[in-house]
There are 4 protein chains.
Amino acid sequence: MPPKKLQVAAAGLGRMGKRHALNFLNRAPRAELVAAFTPDPEEMQWAKQHLEPYGVTLYDNYEKMICQPGLGAVVIGTATSVHAEEAIKAMEKNLHVLCEKPLSTDIEVCKSVAEAAKKRPHLKVMCGFSRRFDESYRDAYKKTYQGLIGRPSIIRSQTCDKHDPSGFFVAYAAWSGGVFVDMAVHDIDLTLWFFGDDIVPKSISAHGITAVQPDLRKYNDYDNAVGVVEFHNGKIAYYYCSRMMAHGQEDTTEIIGTEGKLTVNGNPQSNLVNFYHAGGITREVPAHYYGRFEMAFVQETNEFTAACLDDTPLPMKLSNAVKAVQIGAYLQEALVSGKQIHFDEIGRRIEKAQL
Amino acid sequence: MPPKKLQVAAAGLGRMGKRHALNFLNRAPRAELVAAFTPDPEEMQWAKQHLEPYGVTLYDNYEKMICQPGLGAVVIGTATSVHAEEAIKAMEKNLHVLCEKPLSTDIEVCKSVAEAAKKRPHLKVMCGFSRRFDESYRDAYKKTYQGLIGRPSIIRSQTCDKHDPSGFFVAYAAWSGGVFVDMAVHDIDLTLWFFGDDIVPKSISAHGITAVQPDLRKYNDYDNAVGVVEFHNGKIAYYYCSRMMAHGQEDTTEIIGTEGKLTVNGNPQSNLVNFYHAGGITREVPAHYYGRFEMAFVQETNEFTAACLDDTPLPMKLSNAVKAVQIGAYLQEALVSGKQIHFDEIGRRIEKAQL
Amino acid sequence: MPPKKLQVAAAGLGRMGKRHALNFLNRAPRAELVAAFTPDPEEMQWAKQHLEPYGVTLYDNYEKMICQPGLGAVVIGTATSVHAEEAIKAMEKNLHVLCEKPLSTDIEVCKSVAEAAKKRPHLKVMCGFSRRFDESYRDAYKKTYQGLIGRPSIIRSQTCDKHDPSGFFVAYAAWSGGVFVDMAVHDIDLTLWFFGDDIVPKSISAHGITAVQPDLRKYNDYDNAVGVVEFHNGKIAYYYCSRMMAHGQEDTTEIIGTEGKLTVNGNPQSNLVNFYHAGGITREVPAHYYGRFEMAFVQETNEFTAACLDDTPLPMKLSNAVKAVQIGAYLQEALVSGKQIHFDEIGRRIEKAQL
Amino acid sequence: MPPKKLQVAAAGLGRMGKRHALNFLNRAPRAELVAAFTPDPEEMQWAKQHLEPYGVTLYDNYEKMICQPGLGAVVIGTATSVHAEEAIKAMEKNLHVLCEKPLSTDIEVCKSVAEAAKKRPHLKVMCGFSRRFDESYRDAYKKTYQGLIGRPSIIRSQTCDKHDPSGFFVAYAAWSGGVFVDMAVHDIDLTLWFFGDDIVPKSISAHGITAVQPDLRKYNDYDNAVGVVEFHNGKIAYYYCSRMMAHGQEDTTEIIGTEGKLTVNGNPQSNLVNFYHAGGITREVPAHYYGRFEMAFVQETNEFTAACLDDTPLPMKLSNAVKAVQIGAYLQEALVSGKQIHFDEIGRRIEKAQL
């Protein structure tokens, strides 16, 4: 008898949802995709062609899907606004959950998911931050914890998207939570990983501009923003988010220690080709984050599966996902208000009058 | 009913055989590994643990395995000496064949496989040269054939292995065919790809040394060798093979055209990490070819599967695999004899007396 | 008769003063070093050996030196505290002035030099910011002003020194003006160059830590600091200064435009050598700023000389040098106070009560 | 009294001659350019403007120039055909000689210069191979001789010029001696430097094509050529020369040892700028060898001067310059004849009949 496989249902078949569904279908040897849900007729059409023939049952009703017998886990790739609700419902059906980031743009909602998960410690509930599964970031982490750079003290990290002139980002800003919640949340998560998730912010500043998408202003958002988080233990993280890159996706991180430095993706590249021509030497850059992180998502799929089947610890804690959104929200507030925010040593906010 | 999958048997479960078996088992959604053969008890033990539980029937007899009902294809990863025989036997059972390179180190044996395949044009018979499936080489090929570098005229290509002090390479040299047949065959195949497989050698030179493995001399082999192949249409390829690299695998190719140049892997690297330390800035390099080409092997697995199921053309011709070995054998001869070899315009060798 | 040469006197023969003196002596064909001043006996000893034999008259009194007949210009490389005074005295003797940066760490003193220079428009008075003379920065500037990156919108720039465990930086902090005045002033000057010197700050934040030199705190200084300057015209510059680099000097700048990006020194390197070894591939990094910018200083020497002899405009305005120190001082204040600073559209500071 | 300066005369004011003259005039503090010779009226016109005002006496007669009283040395930058004659005449006037490479394209003429120099051991006679003065090559040499790469065993070196569609290279081929004598002579010189100048060739092969300049054939020359030199002590050097580069000058060298590898200029670049744009990331490349090696020529100028003034050994032996041309001539012969050439252990050529 072959070893047991994890039966997985996919919720949402949009851009990222499709990828999760296909990863569980084709690239996770220990899992099998058995169900998929989408409320969208076009996505359903796609599913009939690409999932149904392989034995995946399709649903236009999330609640029905999670009742399918034998199901072990749900991967949630729907709109952010329903992540939390769907995650909680899945837990109530005793299902493991892999949820796209963020749990919510609202920190209280994030906390409610974390609390629901706390009550069911036998369930594996993970909010996937793909960079934690990327082999380059893992190599940097390993080297950091081998002590190669001394005490990590400064992190510079950026999430920079290729400029999209279609106006998509403006529409998206209506509900994304803002650049620091939507984009920098990855960089904040990396900070929690490399500095330790018990770090406490001391002060937060942020500044932004709208250089190419002035309409973002109506949602209090920016297309370029710089934020700084100073922590109580003598560490600083500073972030740059942009949606204006001409050349493609550029997600770069530096971990600067007292005795050395590690960079991840300091020299962005699509592959190992260099083109020598009359204008110089050129290499190409991935156009989108999936071009950069595709294998990290596959890795995430397989590690989540293994943790569910073997009842081993997940590679990252759910509480981090909550904390990352919280810091992102503070940065966004500092950005919009133009005011620095301060915190005491146990993380309580210090009001202006107290300063 | 789910779409039909290709039922595949794996012959040989050594280092490369295991990888092929696992790729067909786990990373080829349209194939299923149903059988595996090995004459080696240790490999059989491994198979009982890693393949049998997933429904793979195990054999210690190749002939029996290829009679398993329903079988569609065989992947051959045994010792080179039996590649040809096994490939021909599989064809006789009406099976598609994916064979590790080379078909044989003996050019006549290579030809016999090609002839057997020619008689069964409905079968897909491919000798896998992994670099043809690597995304960087493919990008370079696409750019070349878009005309970005004008007319490709010079190829520099090298296959350089990390130094292995264990003595493995000496034992291996007894039957490998020599560095140009074993290693440069990849670079020669790339030459046939980029220059076109109808090119005719005009003259061939080669020089070698034994810098770190003097015992190679007893098998007429070398640990470092340089070879040059000049073609009748005004093109040159030059190759460097080495088994002496301190830093890891370094397989680099330059395609130099009349209007530009493309390099593949001009800057070897394991991942996107750079480590800054008191001695400078360091990046690591893959230790072995599988570290460099793993995803190319996965791609090969899937494209072979698709060609078998859809009856579409294979991505490379079997005759190339024969021609690559032939040129490799001439280079090896030039290396050992210390004599340049010449050919007329239709590829016939010109003897010394005629010059 | 040979063309007239500029007769130059060098004030100060410390680390940087020596270099200026030797550059005017040996690497400025249109200038001749005719005099040098130092109050320091050890430096005087050096001068007797390295300058006097070549016809340079030595002085231990600055006032006397600047009275030497025939003198055309003074290069000032003394301690920062006397830069301004010496510059003004030189102008009073009708001499051109090339002054090491900064004019002063006190903004009012800086202004007094600028005013003195304004009264003598026939004199060339320049505070040398070496990066303006570096061929890479100039190439980036040229490309920016050819429009290759659209509208420059974000600048990231850092001045990072190699860690010096000797304690030198602590002593130096007593009078350096702090990291933003001493180090980031270069990055601020680059900002004024690339964004235009008429830009007006809108808000300024800064955060710092003392990771390796805790004693800096007694001078209100830091060994790592991050600062952000947001400008009224929708541009942002953010800076990182560090004295903690293990690997050497790393002065990197990115100019990010609406249609492209330019990096200067994104991949630090001492020369064109790469060393491949068992641990990977390593390149070295200059240990100090002079290793990175030596040729820029030579260029500065020659361009200053040409401007004096030909009465052509200097390559940079003195007022920039004042403005750069002013922004540096605001950053330093924000760093020490932990408060964001705001400015109105004509650059007047907005007090907290007004916000 | 200022220390004595070396009085230098410059012969030839063509492209390279001008540079030598200006380097001695402006960038060699211990030398002074006092005379210059050119038979060419246009060059004389240039000299009247750029040299005469600085006290340089001009001559249209070489013999007269070298009689100028006080002269200490001659730098020869005339056409290759007169290098040897002028060098010998200068020695007869008791002058030190710095001669552009090569001494001659004729090996017997080269030897005659070396013999003339041998008779006057008090004179410094150097044929300048600029790469010996380049800081990157020197760093690689230092690392090699510190043992960082074990025993150097393989050298790959290339001299690749930017394609010049003007037809210049065809005219030039009439008297250049061919690509291996004109271009690869630098790579051969590097080989003698890194492997030691006592190495003895064992066999030589070469192959070439005319991809963009078919008219080169009338002078038995090629626009792309690959040559291999195998040495008796178990070392190999292989060379690539090209005049077809689209992107600029690309002079790259690898020194491959038993325990590591060094590359020089593996990543060609004009400066430290990278341009990020919609097509990827681009860096520029120097268009010509002087863009790559300018500072090496300045260094050469100063080290030659120092050796003359201080009577210290020259940084390279004249006999190397002879040996480099000899190996170049053998490579050129192998290229044109299409035959491999063999040598016995003391370097005597083995004729075909003996093989």
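In the condition set (1) more than 9 Å from chain D (Cβ to nearest Cβ); (2) within 30 Å of D:Arg27 (Cβ to Cβ), C:Val264 is compliant with all but (1).
Taking the criterion of being surrounded by 23 or more Cβ atoms within 10 Å (Cβ to Cβ), at the interface with another protein chain (Cβ under 7 Å from one of its Cβ atoms) and touching a residue at least 60 places away in the same chain (Cβ under 8 Å), the residues of the stretch A:201-234 that qualify are A:Ser205, A:His207. Of the residues making up the stretch C:259-287, those that are closer than 30 Å to A:Tyr222 by Cα and out of contact with any His (no Cβ under 8 Å at 6 or more places or on another chain) are C:Leu262, C:Thr263, C:Val264, C:Asn265, C:Gly266, C:Asn267.
Being small (Gly, Ala, Ser) and touching a His at 6+ places or on another chain (Cβ under 9 Å): is that true of B:Ala31 here? Here the answer is no, as B:Ala31 does not meet what is asked.
Residues in the stretch D:126-138 that are open to solvent by less than 20 Å² (accessible area, probe 1.4 Å) and in a helix (DSSP H, G or I) were compared, and the one that is farthest from D:Pro102 (Cα to Cα) is D:Ser136.
Counting only strands (runs of 3 or more DSSP E) that sit wholly inside the stretch C:1-92, those with at least 3 residues that are in contact (Cβ under 8 Å) with a residue 24 or more places away in the chain and open to solvent by 10 Å² or more (accessible area, probe 1.4 Å) are C:31-37. Every condition in (1) within 14 Å of chain A (Cβ to nearest Cβ); (2) open to solvent by less than 30 Å² (accessible area, probe 1.4 Å) is met by B:Gln299 except one, and the failing one is (2). Mind checking whether some residue in the stretch C:47-69 is hydrophobic (A, V, I, L, M, F, W, C), farther than 23 Å from C:Val298 by Cβ and out of contact with any strand residue (DSSP E or B) (no Cβ under 9 Å at 6 or more places or on another chain)? Yes, because at least one residue in the stretch C:47-69 is hydrophobic (A, V, I, L, M, F, W, C), farther than 23 Å from C:Val298 by Cβ and out of contact with any strand residue (DSSP E or B) (no Cβ under 9 Å at 6 or more places or on another chain).
Note on the stretch A:332-355: residues that are within 12 Å of chain C (Cβ to nearest Cβ) and not in a loop (DSSP other than H, G, I, E, B) amount to 9.
Of the residues making up the stretch A:268-281, just one is polar (S, T, N, Q) and either surrounded by 21 or more Cβ atoms within 10 Å (Cβ to Cβ) or within 18 Å of A:Met183 (Cα to Cα) (or both), namely A:Asn274. One residue stands out among those in the stretch A:166-200 that are open to solvent by 30 Å² or more (accessible area, probe 1.4 Å) and in a helix (DSSP H, G or I): the one that is nearest to A:Lys142 (Cα to Cα), which is A:Trp193. So which residues in the stretch D:235-257 are touching a helix residue (DSSP H, G or I) at 6+ places or on another chain (Cβ under 6 Å) and at the interface with chain B (Cβ under 7 Å from one of its Cβ atoms)? Passing the criteria: only D:Lys235.
Can you find a residue in the stretch D:122-136 that is over 14 Å from the mean Cα position of the chain (by Cα), at pLDDT 95 or above and of a type in the set (A, V, I, L, M, F, W, C)?
Yes: one or more hits.
Of all residues in the stretch D:183-198, those being acidic (Asp, Glu), under 15 Å from D:Cys110 (Cβ atoms) and at pLDDT 95 or above number 1. In the stretch C:141-160 there is at least one residue matching the filter, namely being at the interface with another protein chain (Cβ under 9 Å from one of its Cβ atoms), surrounded by fewer than 22 Cβ atoms within 10 Å (Cβ to Cβ) and charged (D, E, K, R). Residues that are of a type in the set (Ser, Thr, Tyr) and touching a helix residue (DSSP H, G or I) at 6+ places or on another chain (Cβ under 6 Å) do not occur anywhere in the stretch B:67-87.
Only residues that are out of contact with any Pro (no Cβ under 8 Å at 6 or more places or on another chain), away from every other protein chain (no Cβ under 14 Å) and open to solvent by 10 Å² or more (accessible area, probe 1.4 Å) were counted in the stretch B:302-311, giving 3.
Can you tell me how many residues within the stretch C:109-125 are assigned to a helix (DSSP H, G or I), of a type in the set (D, E, K, R) and farther than 21 Å from C:Asp187 by Cα?
2
For the stretch C:104-125, state whether one or more residues are open to solvent by 10 Å² or more (accessible area, probe 1.4 Å), more than 14 Å from chain D (Cβ to nearest Cβ), closer than 28 Å to C:Ala21 by Cβ and basic (Lys, Arg). Within the stretch C:104-125 (the criterion being open to solvent by 10 Å² or more (accessible area, probe 1.4 Å), more than 14 Å from chain D (Cβ to nearest Cβ), closer than 28 Å to C:Ala21 by Cβ and basic (Lys, Arg)), the answer is yes, since at least one residue qualifies.
What about A:Gln340, is it crowded, with 20+ Cβ neighbours inside 10 Å and either of a type in the set (Gly, Ala, Ser) or not assigned by TED's automatic domain parsing to the domain that holds A:Gly177 (or both)? Judged against the criteria, A:Gln340 is not a match.
Only one of the listed residues (D:Leu335, D:Leu318, D:Leu314) is assigned by TED's automatic domain parsing to the domain that holds D:Val179 and surrounded by 12 or more Cβ atoms within 10 Å (Cβ to Cβ). That residue is D:Leu335.
The values are calculated or read from the model by the stated rules, or taken from the named source; none is laboratory data. The shown structure was predicted, so the numbers you read here are calculated from the model rather than taken from an experiment. With ideal geometry, Cβ positions are generated from the backbone for all residues, glycine too; neighbour counts draw on all protein chains shown. Surface areas here come from the heavy atoms of the whole protein model, side chains and all, with no ligands, DNA or RNA. Shrake-Rupley method; radii C 1.70, N 1.55, O 1.52, S 1.80 Å.
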